[in-house]
Structure formats: C-alpha cells, structure tokens
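Report on the structure given below.
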Amino acid sequence: MTTLPSSASSVRSGDGSSPILSVEDLFVEFRTRENLVNAVNGISYTVSAGETLAILGESGSGKSVSAQAIMGILDMPPARIPNGEIWFEGRNLLTLPAEEQRKIRGPGISMIFQDALSSLNPVYSVGYQIGEMFRAHGGLSKKDAKQRAVELMDRVRIPAAAQRVNDYPHQFSGGMRQRVMIAMAIALDPRILIADEPTTALDVTVQAQVMDLLKDLQRETGMGLVLITHDLGVVNEVADNVAVMYAGRIVERGTVDEVFTKPGHPYTEGLLNSVPQVEAKGGRLQPITGQPPNLSRIPSGCPFHPRCPRRRLGAEALPGRDCAGDRPPLRLVVPGREAACHYSEEVLGV
Amino acid sequence: MRVSCVLTEEGSLGRYIARRLLLTVPVLLGASFLIFAMVYALPGDPIRALAGDRPLSAAVMAQLREDFNLDDPLWLQYVKYVGDLFQGDFGTDFRGRPVLDTILLRLPVTAKLAAVAIAFEILIGVIAGVLAGIRRNGFFDNVVLVSTTVIVSIPILVLAFISQYVFGLQLGLFPIAGTTEGLYSYLLPGLVLASGSLAYVARLTRTSIAENMRADYVRTARAKGLPNKTVIVRHTLRNSLIPVVTFIGADIGTLMGGAIVTETIFNLPGIGRSVFDSVRAQEGAVVVGIVTLMVLFFIFFNLVVDVLYAVLDPRIRYD
Ligand SMILES: Nc1ncnc2c1ncn2[C@@H]1O[C@H](COP(=O)(O)OP(=O)(O)O)[C@@H](O)[C@H]1O
Ligand code: SF4
Ligand SMILES: [Mg+2]
C-alpha cells in the first residue's frame, strides 16, 4: 500500500477519521498570450467522511479553479498545475493516467455547479442526463438507467419524478434544476461532493431547501462535502470547518464556530464585519475597502496588505515581518487555528 | 423569421405548419406575379423571335398572339395564367410543348445536382468544420480559414470556368459538360454549385463547435466522468450541429438559383438550364413556371428547417 501523505492541515474533522481527500501545496496558473495568472498558489486541505469543509472567499480568489483542478476538468492549456498533489483514497490524482482519473469522477468525487441551467445540456432530457452516470460507469442499459434516474429524482425530492423524467432542463424551476444536478452528482454515491456555489443563483427560500437537501444526503451517505461559497450565512449554518481563501491562498482555517467568533486574520475579520447576519465580534457594518487583487499582479509581501487596516510597514513592522515585504506563511497560531498573518496573535487577542 | 417561443402545449406544431402552408399561397402569388411582370417587360417580340428569319403571315402571327393572350393587358394575362395553373395547367411554350412536360423531364437532373452539392456540403464542409473547431488555431484550422476565404471571394461563375478548365480540360479528371457519364458527370458541377455554401458550412461548424466546447454543460459532462468520445460526440457535436443542419436544409431551396449558372456552364439539361434558355427565347410560360416552382421549393425547405429546428432543439416551440 502506498503511504498516505502526512496531512498538511492540523485541523481535523469532528470524528477524527483519516481524510478521504487531501490536497497538498496545489498551484494552478493560466498562461495566456498577455500574462500569467496565478490563480491558485499553494493551497492544502483535507476532507474526511461526513465532514463539511467550506471554502470561503470573494469572487476571483481561486475557489472554482482549485475545485476544477481536483476534478481534473481544467482546460490544459491554458491551465497548468506546476506543483501539488491531490490524494484521493491513497492515490495521487495528478499522476494518475487520464482514464483512471475519469473513472473516479462520478463514483469517487463529483461536483455541482452554480448555474444549473447552463450546466445541464439543453437538448437532452433530465432523465437521460442523470441516467448517463449509470450508463458510463455502470454499463446499465438506457431503460434501466432511466429507471434509476426516476429513483434519484425521487430521492432529491423532485415532485412527480416519474412524469418529469423526460422533461428538459428549461422546463424546470431554478431550484428543481439544481436538484437535478445534485441527483446526477450523487448518483454513484461519491465519497466526496464538491458544491461550487450551489445556491448562489437561487432565491433565499429555495437556497435553504437546497442546502437542507445536501445536508440530508450527506447524513445518509457519509460523503465529505466541499462547499464553495462567498456566503458567510451558508457557511455558518452548514459547515464544520472553514478555509478562507484570498488571492489563491488559504489565509485562515479552523472550525466554523471558532473562526466566526474569533477570526485570526484581518481579512476574515473584514468579511465578518461586512455582513449583518453573522454575529461578529463587535459593532458596525464595515465593508473591506479596495478591490481584490489582480491574480496576474499579486502584491508583494502579504497579498492582503494594500487593503489591510492592521498592516505594519517599514519601521512599524517587527523584524522579518514587514507586511509589504515578507510573505506570511499559513501557520498554527493557537491549537486548531491556522492563519497567514504576521500579526495574527493580535487579531485573535491572545 | 423564426418564431421561438416556449410553449408546452402539444399540437401547436401542427397548427404552426398549417398556418405556414396557408401563408405560402400569397407568397407564391406575389412571387409569380413579379416574375410574370419581369418577363412581360422584356424588350422585343417573342413571336418574332420565334419566327426567326422565316416570315410569318400576319394571320398566323395574330393567331399565335391570340393563343398566348399576348395582346391582353399584364394583369389579365396573369389572371388567365393563374386560373390555368390552378387546374394543373402550366401552359405550353411557343412550340406547343406543355411546360409541365419540360419540368418533369428536367427536374431529375437538377435534383441529382442538388443532391451531389448537399452531399459535398455535409462531407467536406461539416467534417472540415469539426476538425478545425476541435483543434482551434491548429494547422488544419488555418488551412480551412484560408481556403474558405478564397472560395467565398470568387464568384461562382469564375469558379465554374476555372474548375472546368483545370479539372476538365487540363487534367482531364472530369467530364467538361453534359450528363453522359452518369453520376460522375455531376461531381464537378456539384462541387462548384456547393462551393460557397460549403465554405460557409465549414465556418459555421467550426464556430459552433468552438463555442460549444466552452459551454458549461460540456464541463459538466467531463465532471460526470463520461468518456472523452461521449463528451465530444454527445455533448459537443450534437449541440453544435443544430445550426449547421438547419442551414443545410435551407440551402437546398437556395441551391436552385445557383443551378441556373452551373447547369448552363456545364451544359446539364436541368431546370436551371431551362430558365436560362427560356429567358433568352422569351419563353414567358416556361420561365414563370420554373421560377415559381423554385420559389415553392425554397418556401418548402424553409418550412422543413423550422420544423427540424424544433425537433433538434427542445427549447424551441412554435406558437
Ligand atoms: N481559463 C482561464 N484563463 C485565464 N484565467 C482564468 C481562467 N479561468 C479562471 N481564471 C482566473 O482564475 C482566477 C480565479 O478564478 P475562480 O477560481 O473562478 O475564482 P472564484 O473564487 O470566484 O471561484 C480569476 O482571476 C480568473 O480570472
Ligand atoms: S500580514 Fe500584515 S497585511 Fe497581512 S493580514 Fe496580517 S497584518 Fe494585514
Ligand atoms: Mg467561482
């Protein structure tokens, strides 16, 4: 048996079981004619059975790209993975032959996307598209596959599944379409489900229903859930652990309860202060000033320093901890909490 | 032109077709009247032209003018013509041969020519477009880009003469004219007739494929772990070919116009050639009959395409 890599993360899932998915020091870049986009810059995380890990970050922070790298569905070129390992059940997906990787997509790891309307093929019925999972991976006949599709549509609580199995994606509401996507993704009982902003395109009430469905399915199957979102409310409600991404890096990681009550990174602090619904440490709503960085020109030192209210530059900085000159590594600050900030202790108040 | 409106109700397609067929009547009447008027406006006297050098007696000429209603005003001539048409009578040419006989005799030639042209559009155009679209900016893509640009920029008349000269005369690969060598005689004229549309089909296919390869649902197909072949054929090609299929369908109706030039240059005895000859001989009944038929084909194939569109793309419904 191959040796499992030592986990890069010190944060463990609740039940302490060993991780199913382990991402190690992953980099993804896009080489275009004009420039080089450093979309993902050395992220590491693990997901265990039954765990929900939220990946939180502003748009453009590399959340989707890292998920697509794990799925092996990035267009290469323009994308390139110069470094990293993605361990799934003892195998590094990045060194696996393409055909072996393909066989893992679906039964091993599967993914749902933000916009279910554009993510479903408009010219095939939903039953056909769900059934494809069984035909491609299980060798089922078209008829049997459709029967299984009906069962799955029932399972994701689409009303009148048997009547609707031959309907086309455009004939469903947004919430029902996302359920079709979910049915497709869980068809083969994956160990890991990556949900990339699964409710962003939906109404608030429908959002809650879809999240409830995902949580119920996770409880039934014990799958690990990677929930990509920029919605702190969703994270707060459903996730066990959270990894906060900024400029293609993880800048803070810990359990949701701890991170949301006591953030250890000024960026996380800023996110919490900018939304009303989550009980932040103190006081007024205050959006983070400035724009997210352009990933082809990431600022030197701490990538967050141009926007950071706590930054210390030049003479103010401690030796080797100049926010504009020295890049802060992701480090263990207190037990169970990692942050990539020179002055994390001050943020935490420890 | 194309009605796209989401409608779940069954049977709307049947009503749509019926309404389109009904609309065909005024279109055909209008088109045939225009053609009729143009032939009427042609300079010269067809009877005199028919007579050539032989002098005809005034009585015979008067009789002929009478038979063909040539002394009636335009509108009356037209009404009489349409009246006959509704009884299945396409009239006769000045030599007394029924126009319908001419059409029935010559239509198969044009049908074969059009079939060969469409086959070229599908075989060469679609395949070249698919290959170029899958490997965008590759060598083959550039070859397609350059060659289609060249083809599109040359008028069909010039293309016909050049290919006749090069492939027929110089290389001796194909017969230059006539239909004596069966289907083989149709290859060169078919290719020339198809050329413009073929280039367009290649471009359309390429663009459509390139666009679809970036579609979210293709990404989903890959995320589902479908084999690469399935991703390309089922989730990229199938969607990409919808506009191509509909273009080719509509093009069957359009090819008839090109057939006039192609059949004349390659001396194929089809209805296109008939139109050309009849215009020169001022055979009004033949010109109007055939051109009206061409318009009818055009309308018919456009209707077929609209129906086909709804079959291929479930989002399209007709109301
Ligand atoms: N095909 C591509 N070519 C170039 N840059 C890309 C491509 N796809 C994504 N990117 C870049 O990668 C960065 C991260 O994008 P993404 O992972 O989608 O962010 P998000 O966190 O919003 O999901 C963005 O700056 C985006 O411009
Ligand atoms: S390292 Fe400096 S700039 Fe970066 S988050 Fe910490 S305090 Fe702010
Ligand atoms: Mg995203």
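When +1 charges are put on Lys and Arg Cβ atoms and -1 charges on Asp and Glu Cβ atoms, the dipole computed for segment A:196-350 relative to its Cα centre reaches about 780 debye. In terms of its alpha-carbon gyration tensor, chain B comes out oblate; a/c meets the 1.5 threshold, while b/c is at least as large as a/b. Using only the alpha-carbon atoms, how far is helix B:238-265 inclined from the longest principal axis of chain B? Give it as 0 to 90 degrees, nearest 10. Computed tilt is about 30 degrees.
Listed peptides B:242-251, A:81-90, A:224-233, A:290-299 appear in the order A:224-233, B:242-251, A:81-90, A:290-299 once ranked by packing, highest mean of other Cβ atoms within 10 Å at the front. Mean partner shielding of peptide B:212-222, defined as the number of other chain Cβ atoms within 10 Å of each residue Cβ, is 6. About its Cα centre, segment A:114-184 has a charge dipole of approximately 120 debye under the convention of +1 per Lys or Arg Cβ and -1 per Asp or Glu Cβ, with nothing else charged. Comparing B:Ile103, B:Phe68, B:Ala117 along the charge dipole axis of chain B, the residue lying farthest to the positive side is B:Ala117, per the Cβ-charge model.
Pair-distance distribution P(r) for chain A, from all Cα-Cα distances in 20 Å bins starting at 0: 29, 57, 14, 1 percent.
Neighbouring Cβ atoms from other chains, within 10 Å of the Cβ of residues in A:113-124, number 5 on average. Counts of other chain beta carbons within 10 angstrom of each beta carbon in peptide A:97-107 average 2.
The residues neighbouring A:Asn35, those whose beta-carbon lies less than 15 Å from its own, together hold a net charge of +2 under the Lys/Arg +1, Asp/Glu -1 convention. A cut-off of 5 Å between modelled amide H atoms, ignoring neighbours fewer than 5 places along the same chain, links A:Met111 with A:Ile194.
Semi-axes of the equivalent ellipsoid of the protein assembly as shown are 70, 27, 23 Å, computed as sqrt(5λ) over the eigenvalues of the C-alpha gyration tensor in descending order. Per-residue packing, averaged as other Cβ atoms within 10 Å, sorts the ranges A:184-190, B:137-143, B:213-219, B:268-274 into the order B:268-274, A:184-190, B:213-219, B:137-143, beginning with the highest. Neighbours of A:Pro97 by Cβ distance under 14 Å: Lys/Arg scored +1, Asp/Glu scored -1, total +2. Give, to the nearest whole percent, the P(r) tail of segment A:79-161 beyond 22 angstrom, counting all Cα pairs. For segment A:79-161, the share of Cα pairs beyond 22 Å comes to 40 percent. Relative contact order of chain B: 30 percent, from C-alpha pairs under 8 Å at least 6 residues apart in sequence. Against chain B, whose longest principal axis is taken from its Cα atoms, helix B:284-312 shows a tilt of about 20°.
Report the residue, chosen from B:Gly284, B:Gly190, B:Gly225, that carries the largest GNM mean-square fluctuation when chain B is represented by alpha-carbon nodes joined by springs under 10 Å. Per the Cα network of chain B with a 10 Å cutoff, B:Gly225 tops the list.
Would you mind counting up the charge near B:Leu131? Only other residues with Cβ under 10 Å from its Cβ, with Lys and Arg at +1 and Asp and Glu at -1. Within the 10 Å Cβ shell, the charges total +1. Simple point charges give the picture: +1 on the Cβ of Lys and Arg, -1 on the Cβ of Asp and Glu, and for chain B a dipole about the Cα centre of about 1600 debye.
Measuring against 28 Å, Cα to Cα, the residue pairs A:Lys143/B:Lys224; A:Lys215/B:Lys229; A:Lys103/A:Lys142 contain A:Lys215/B:Lys229 as the ones spanning a longer distance.
Selection among A:Leu93, B:Phe300, B:Ala132 by position relative to the dipole of the protein assembly as shown gives A:Leu93 as farthest towards the positive end (Cβ unit charges, Cα centre).
Every read-out reported here was derived from the displayed coordinates using simple, explicitly stated rules and does not represent laboratory data. For clarity, every value in this text was computed on a predicted model and none was experimentally measured. As a convention, Cβ positions derive from the backbone with ideal geometry for all residues, glycine included, and neighbour counts pool all protein chains shown.
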